[in-house]
1. Just one of the numbered conditions (1) under 17 Å from ASP182 (Cα atoms); (2) among the basic types (Lys, Arg); (3) in a strand (DSSP E or B) is not true of LYS321; which one?
2. Would you mind finding the one in ALA181, ALA196 that is at pLDDT 90 or above and open to solvent by 30 Å² or more (accessible area, probe 1.4 Å)?
3. I'd like the full set of residues that are open to solvent by 80 Å² or more (accessible area, probe 1.4 Å), at pLDDT below 80 and not hydroxyl-bearing (Ser, Thr, Tyr), limited to the range 199-224.
4. Just checking, does the range 252-264 include any residue being closer than 18 Å to ASN53 by Cα, at pLDDT 95 or above, among the hydroxyl-bearing types (Ser, Thr, Tyr) and touching a strand residue (DSSP E or B) at 6+ places or on another chain (Cβ under 9 Å)?
5. Answer with yes or no whether GLU332 is in a helix (DSSP H, G or I) and open to solvent by 70 Å² or more (accessible area, probe 1.4 Å).
6. Just need a number here: residues in the range 15-37 that are part of a helix (DSSP H, G or I), open to solvent by less than 30 Å² (accessible area, probe 1.4 Å) and touching a strand residue (DSSP E or B) at 6+ places or on another chain (Cβ under 7 Å).
7. Given the structure, is LEU273 farther than 21 Å from LEU230 by Cα, in contact with a Pro (Cβ under 6 Å, 6 or more places away or on another chain) and either open to solvent by less than 10 Å² (accessible area, probe 1.4 Å) or not charged (D, E, K, R) (or both)?
8. Just to verify a result, which residue in the range 160-178, among those that are at pLDDT 90 or above and hydrophobic (A, V, I, L, M, F, W, C), is nearest to LEU22 (Cα to Cα)?
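The values are calculated or read from the model by the stated rules, or taken from the named source; none is laboratory data. It should be emphasised that the depicted structure is a prediction, and the values quoted were computed from it without experimental measurement. Note that each Cβ is placed from the backbone with ideal geometry, even for glycine, and that neighbours are counted across all protein chains shown. All accessible areas refer to the heavy atoms of the entire protein, side chains included, with ligands and DNA or RNA removed. Shrake-Rupley method; radii C 1.70, N 1.55, O 1.52, S 1.80 Å.
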Amino acid sequence: YPDPDQPEPVDHFDRLPDSVLLLVFNKIGDVKALGRCCVVSRRFHSLVPQVENVVVRVDCVISDDDCSSSSSSSDKSRALVGPFSNLFRLVFGGIVKPLQALGQFLGPKRSVLNETLNSLSSSSLFVAPGVGDDGEMDHGGVTHHSPTQVLRNFNEIRFLRIELPSGELGIDDGVLLKWRADFGSTLDNCVILGAASVINNGISPEFGFGNGDDNGSIPETFYTNGGLKLRVVWTISSLIAASARHYLLQPIIADHKTLDSLVLTDADGQGVLCMNRDQLEELRVKPLSASSASKRTLVPALNMRLWYAPYLELPDGVVLKGATLVAIRPSEQSASKNEVLDSSWLSNAFEEPYGTAAKMLVKRRTYCLEMNSF
């Protein structure tokens, strides 16, 4: 029993003003840790909903179509993949390479697209253990909550980051594929960086040292050995993944009018979707157009610029074989702005050393592509 003659111990947190505690909570950010803070005291419970900087790490992605038959899934995939056979035209002051066989491009890689379409485009995201609807931690067994449910406990979020457990695109070991997309009510821009392989010691037995003197042109073998086919699959898959993520964000954006920034990324660093305050407001005012084929945002008609290097040696010794950079903007936006491509936008899309790779690639010969809406 406490000695009645001794003064009660001082709770130093009680001596801190609310503004200082909120600074601490905003540094914590993680929604699970904040959920634990909620049960510490009534004061903490009342302050946590005022946190402005929140990070939600998703534990699992569960398909809404798990109970549906495999035949219906394959029908959906065929409905989506079919239109892709006529998406692309490759031009450089005219048609650089005839693509009459584009209908055959996606044949061997169709399974990659199917996996992408059947992942986030028809999935739910869950966090566990989470914060209950009453703002308190769940106890006992593991209970899953969607990010939308968890975030309803927060009233003043300004900066939100949601992290998926992994990227949606299954790629072979050693292959590099990264993308970043900005959305408003639809796609504003997207940049994709890929490489057939990454060599970290700076030595390639096939190519030797240096970037070679290829005049920045795409070699003939790029069209005949499946190189172009693979880049088509990378581009379409990345756009589908980005549009599926965007679709899932609608209820969160509608619930949180205070948002200034929203980032949806993954633990692998494969893809990043970003929305600033103006883009978030645009989506609230102008609802997105959904794809009729699946749960994702409709991708508008696009103009693209592509750069390719058979062999790209970066200053830190990292070597990219088959390095490819694709810059994407909606056709309508490109026509109205008629703007010169800003290379800083491309290089800032990726962390090093890949930002440097983007800078090096944009100095090479540019190839233009067009894609229909899908």
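1. (1)
2. Among ALA181, ALA196, only ALA196 is at pLDDT 90 or above and open to solvent by 30 Å² or more (accessible area, probe 1.4 Å).
3. Across the range 199-224, the qualifying residues are ASN201, ILE203, PRO205, GLU206, PHE207, PHE209, ASP213, ASN215, GLU220.
4. yes
5. Numbers: in a helix (DSSP H, G or I): yes; open to solvent by 70 Å² or more (accessible area, probe 1.4 Å): yes.
It is true that GLU332 is in a helix (DSSP H, G or I) and open to solvent by 70 Å² or more (accessible area, probe 1.4 Å).
6. Looking only at that region, the number is 2.
7. Taking the combined requirement at face value, the residue does not satisfy it.
8. The residue in question is LEU160.
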